[in-house]
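One structure is given below, encoded as structure tokens.
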Amino acid sequence: MKTSLNDIHFIEIPKISDPDGRGNLSVIEKNILPYKVERIYYLYDVPSDSTRGGHAHIKLQQSLIALSGSFDVVLDDGKKRKIVTLNKPNKALYIAPGIWREIENFSSGAVCLAIVSEVYKEEDYIRDYQEFLNFKSDRQH
Ligand code: TYD
């Protein structure tokens, strides 16, 4: 499927605020994500001047959540680029396959949770930007 920045959207995660002021609880049940979850990983202790990501996926779909702190996600479909700031534990950013992403500007203590649709397979990654552009110039992607 040909994907673009239009295939990226926020997913609101239900938040249960405690009536007695004991804080919030958010829950991700399987039906709120548009794919079957196969893997969860998280980035933490990322220095503020470091960039993570720097790749696209061929098949994998994922949702990113700032469980703590904030960071910016640079999204690129080969034609357009946009930057989204994540800073709410009850908002997930859904990223379709075929989108180049970089994650940067991590605040101190930021934790980036990734909930993804595939087990880890290096063959699913495109880690070279020019290769990504070639991939996107194919009508299918
Ligand atoms: P990498 O994909 O470069 O991280 P990011 O793109 O988020 O900055 O992954 C860093 C290393 O971790 C790389 O050697 C692959 C390995 N890795 C796994 O073994 N399993 C995983 O699920 C992930 C996400 C990475």
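Compactness ratio for the chain: Cα radius of gyration over 2.2 N^0.38 Å (N = residue count) comes to 1.08. Here each label is just a point 7 Å from Cα along the line to Cβ, and for residue 107 and residue 40 those points are 2.2 nm apart. Legend: residue pairs 82/136; 30/136; 80/121; 30/59, Cα-Cα distance threshold 22 Å; pairs beyond threshold, 30/136; 80/121.
On full extension, the segment bounded by residue 59 and residue 10 gains 15.7 nm, given 0.36 nm per residue less the C-alpha separation.
What FRET efficiency, computed as 1/(1 + (r/R0)^6) with R0 = 22 Å and r the Cβ-Cβ distance, is obtained for residue 127 and residue 50, rounded to the nearest 0.05? Calculated transfer efficiency: 0.85.
No lab work stands behind these numbers, since they all come straight from the coordinates. Note that the structure is predicted; figures quoted are calculated from it, not measured. Note: ideal-geometry Cβ built from the backbone for every residue, glycine included; neighbour counts use all protein chains shown.
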